1. So if we plug the beta-carbon distance of Cys157 and Asp60 into 1/(1 + (r/R0)^6) with R0 = 22 Å, what FRET efficiency do we get, rounded to 0.05?
2. What nm value, rounded to one decimal, do you get for the distance between Met246 and Leu105 when each label is placed 7 Å out toward the C-beta?
3. Leaving out ligands, DNA and RNA, and with a 1.4 Å probe, what % of the accessible surface on segment 69-318 is carbon or sulfur?
4. About its Cα centre, how strong a charge dipole does segment 230-323 have in debye, to the nearest 20, once Lys and Arg get +1 and Asp and Glu get -1 at the Cβ?
5. Ranked highest first by average number of other Cβ atoms within 10 Å, how do 95-103, 310-318, 116-124 line up?
6. Please work out how much length the chain gains when fully extended from Gln317 to Ile269, using 0.36 nm per residue of separation minus the C-alpha to C-alpha distance, in nm with one decimal.
7. Which residues in segment 213-240 have a backbone N closer than 20 Å to a point placed 7 Å from the Cα of Leu196 along the Cα-to-Cβ line?
8. Where the only charges are on Cβ atoms (+1 Lys, Arg; -1 Asp, Glu), what is the dipole of segment 69-318 about its Cα centre, to the nearest 20 debye?
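The values are calculated or read from the model by the stated rules, or taken from the named source; none is laboratory data. Every value quoted in this text rests on a predicted model; they were computed, and no experiment measured them. A quick note on method: Cβ atoms are made from the backbone with ideal geometry, for glycine too, and the neighbour counts reach across all protein chains shown. Heads up: the accessible areas ignore ligands, DNA and RNA and are worked out on the full protein's heavy atoms, side chains in. Shrake-Rupley method; radii C 1.70, N 1.55, O 1.52, S 1.80 Å.
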Amino acid sequence: MEPPTIEPQVSIDPPLLEPTPLLSTENIVPPSDATEAQSNGGSSSTMLKQVHRLLTPPADLLEWKDMPQHLQFNPYVLTGYRPLQGVKGCLSSLFYVHNETINILTHGIPIVYILATVPAMMPWEKDYRFLSWCHLVGSVAPWCGSFVYHLFMNLECGEGIYYRLLQLDMLGIWISQSFGALPMVTATVFCWNTPLKWLFIISYSLLCIWGLFKAMTASSPWQRRLCFLLPFSMRIILTLLRISNMGGGNPTSLTHVFLQDAVSAVGGIIGAMHIPEKWFPGSVDIYLNSHNIMHVLVVVAVYSMHQATVRDIEWMQRSECNGLSSNTTLNIDHVNGSHLEL
């Protein structure tokens, strides 16, 4: 009997395990930091959603064909109309986008800015207090009337209230055209002899009163646009007198004297011709339609009026009249200084 064969035992080494790489502490976000990052991301996302919601017109806005006849004044703006609402509904429309939002904001913001800045720039001493008031009231009045008109134009009180609001808007424009322009008129005739000076000032005032009557009784958009034609024409004549050196006023204000009427006239033409929505009906209902553009241009025009007025009043304070017009040499650095920061 053979002895049992004993097979040699082979030892099998266990597989070598690769060392686990150490985690870098740079990639570890502490719990507090992670929570803060999550919170910041969430708040940013919420804010973006709120901005998007504010900039997106609500679904319940109406189309042009749904509006009453007195609110169908632009057949090329097809959508974005607010329904007829009460006072509370009109006020709440400040917090969502519709086709009057730009018109409301472009005239609402200047009210706050002008009242916060212009009074400190004006000379309130006795001799120029009236002209300073004329400029302040003339600068802010058109925005007040227009802001109220555009905000409450869809009141559910009927066509009669709408036309009262439209008259308020026209009244604000008239105040700017009459009282707001008096400093420019006064500076132009400042060095003329007294009878001629007052003849021009009284004539301009009478033309403004005529314009107010036409504005309050106008029955069509074109009548409202043309009601200020005569005061506008007289300002053009006064501007030409300044260019020819027959009129007074600060030489550095001449560009702004021209721009204050030229820019507003361009805005009026754009509004009357319904450009650009006439070319792209329904495409610029909320932004960049003709009335939006006109509003922005009118803000630019009143800015030029402010620049011209401040320069002219400072010129009148320092001028020495010689004959028909003044040959005063001014300190231009002072005129272009801190009083013109609007």
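1. My answer for the efficiency is 0.60.
2. Going from the Met246 label point to the Leu105 one covers 4.7 nm.
3. The computed percentage sits at 73.
4. 140 debye
5. Result, highest mean first: 310-318, 95-103, 116-124.
6. Details: separation 48, 0.36 × 48 = 17.28 nm, distance 3.68 nm.
Length gained between Gln317 and Ile269: 13.6 nm.
7. 234-240
8. 400 debye
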